[in-house]
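Student: Before I ask anything, let me first share the structure, which is written out below as structure tokens.
The values are calculated or read from the model by the stated rules, or taken from the named source; none is laboratory data. The structure presented is a predicted model; accordingly, all values stated were derived computationally and were not measured. Side chains are part of the model used for accessible areas, which takes the heavy atoms of the whole protein and leaves out ligands, DNA and RNA. Shrake-Rupley method; radii C 1.70, N 1.55, O 1.52, S 1.80 Å.
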Amino acid sequence: METITLALSKGRIFEETVPLLAAAGITPTCDPEASRQLIISTNLPHVRLLIVRATDVPTYVQYGGADLGIAGKDVLLEHGGEGLYQLLDLGIARCRLCVAVPRTFDYAQAVRLGSRIRVATKYLKSARAHFAAKGVHVDLIKLYGSMELAPLVGLADAIVDLVSTGATLRANGLVEVETIAAISSRLVVNQAALKVKRALLQPLIDVFEEKSRDRIAQ
Ligand code: ATP
Ligand code: MG
């Protein structure tokens with residue numbers, strides 16, 4: 001039997017995807033937070049979920065390890081999107097990619113003076129493109145997490161990171177100075193799978209589309 005494999009990360013994306021799956025009549029048989037299983041079956045014998053790191057979702061879909069995936073726009077911008085169709089904005093896991101600096105750092109003046117700014121981020125590609133477009137000179141420092149820490153210990157003048165409420169920035173004495181991009185999660189599909197398994201995939205894509213249209217209209 002032909003199967004559908006959907007790659008997604010646990011945490012907020014999984015939680016916000018459960019209602020979308022429910023609308024398509026799909027119920028996972030276990031919760032990835034509670035289980036160590038990386039392949040989760042569902043009530044439908046031909047549908048399974050792969051639980052992978054958020055940054056690995058586009059790679060699994062690109063190489064056909066999964067037919068479909070759900071990934072943040074931030075992750076897709078860094079990946080580049082080769083081999084994928086970005087089908088839908090699901091409107092889930094919404095936040096923004098921002099430049100933030102310590103309250104005491106005069107970012108506008110540093111930009112005006114043409115100073116070199118040290119920026120810590122895990123989003124090298126997006127950060128590079130953003131500062132290049134503005135003509136701001138930066139030294140990028142790659143980190144894998146807790147970017148907010150970098151300015152506090154003098155590792156960087158600024159960070160590029162995701163922000164939703166801004167509570168983490170505030171708690172670390174940082175302020176948002178620029179928005180680089182609005183972020184939400186997208187449904188991506190393997191290009192070959194869309195051709196070969198169209199009949200199987202299309203009904204699921206249609207339900208996701210209907211649900212996300214409602215959500216984005218809100
Ligand atoms: P980890 O936090 O385990 O290191 P991660 O940061 O890659 O992994 P998540 O925190 O679950 O994984 O983030 C997954 C996606 O959710 C991100 O790629 C982004 O699109 C979105 N996201 C991240 N932080 C927020 C947030 N604070 N609010 C809303 N969406 C967010
Ligand atoms: Mg995270």
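Student: Quick check of the Kirkwood formula: for the stretch 40-97, what is the inverse mean of 1/r over all pairs of different Cα atoms, in Å?
Tutor: Every distinct Cα pair counted, the radius reaches 12.4 Å.
Student: How large is the Kirkwood hydrodynamic radius of the stretch 95-182, counting all unique pairs of alpha carbons, in Å?
Tutor: After inverting the mean inverse Cα-Cα distance, the result is 12.6 Å.
Student: Quick one: grab Rg to one decimal and Dmax as a whole number for the stretch 1-130, Cα atoms only, in Å.
Tutor: 18.6, 64
Student: Normalised by the number of residues in the stretch 95-182, what is the relative contact order in percent for Cα pairs under 8 Å and 6+ residues apart?
Tutor: For the stretch 95-182, the relative contact order is 49 percent.
Student: Could you work out what % of the accessible surface of the stretch 95-182 is carbon and sulfur, using a 1.4 angstrom probe and leaving DNA, RNA and ligands out of the count?
Tutor: Working: 2440 of 4560 Å².
Using a 1.4 Å probe with all protein chains present, the stretch 95-182 comes out at 54 percent carbon and sulfur.
Student: Across the chain, how many lysine pairs, 8 or more apart or on two chains, come within less than 26 Å at their alpha-carbon atoms?
Tutor: 20
Student: May I pose another question? Considering only 122, 73, 142, give the residue with the highest GNM mean-square fluctuation for the chain, with springs between Cα atoms whenever their separation is below 10 Å.
Tutor: Checking each option, the largest mean-square fluctuation is seen for 142.
Student: Please state the relative contact order of the chain as a whole percent: Cα pairs under 8 Å, 6+ residues apart?
Tutor: 27 percent
Student: Now for a separate question. What is the Cα coordinate range of the stretch 1-56 on the first, second and third principal axes, sorted by size from largest, in whole angstrom?
Tutor: Here the Cα extents, ordered largest to smallest, are 28, 21, 20 Å.
Student: Please report the spacing between the Cα centers of the stretch 61-78 and the stretch 7-41 in Å, no decimals.
Tutor: Taking the Cα centre of each part, the stretch 61-78 and the stretch 7-41 sit 16 Å apart.
Student: Using only the alpha-carbon atoms of the chain as identical scatterers, what base-10 log of I(q)/I(0) does the Debye formula give at q = 0.09, 0.11, 0.13 Å⁻¹?
Tutor: -0.42, -0.60, -0.78
Student: Taking springs between alpha-carbon atoms closer than 10 angstrom, which of 32, 203, 102 fluctuates most in the Gaussian network model of the chain?
Tutor: Result: 203 has the largest fluctuation of those listed.
Student: A follow-up question, please. Using helices alone, I'd like the mean residue ellipticity at 222 nm for the chain: each DSSP H run of four-plus residues gives -39500 (n - 2.57), total over residue count, nearest 500.
Tutor: The per-residue figure over the chain is -10000 deg cm²/dmol.
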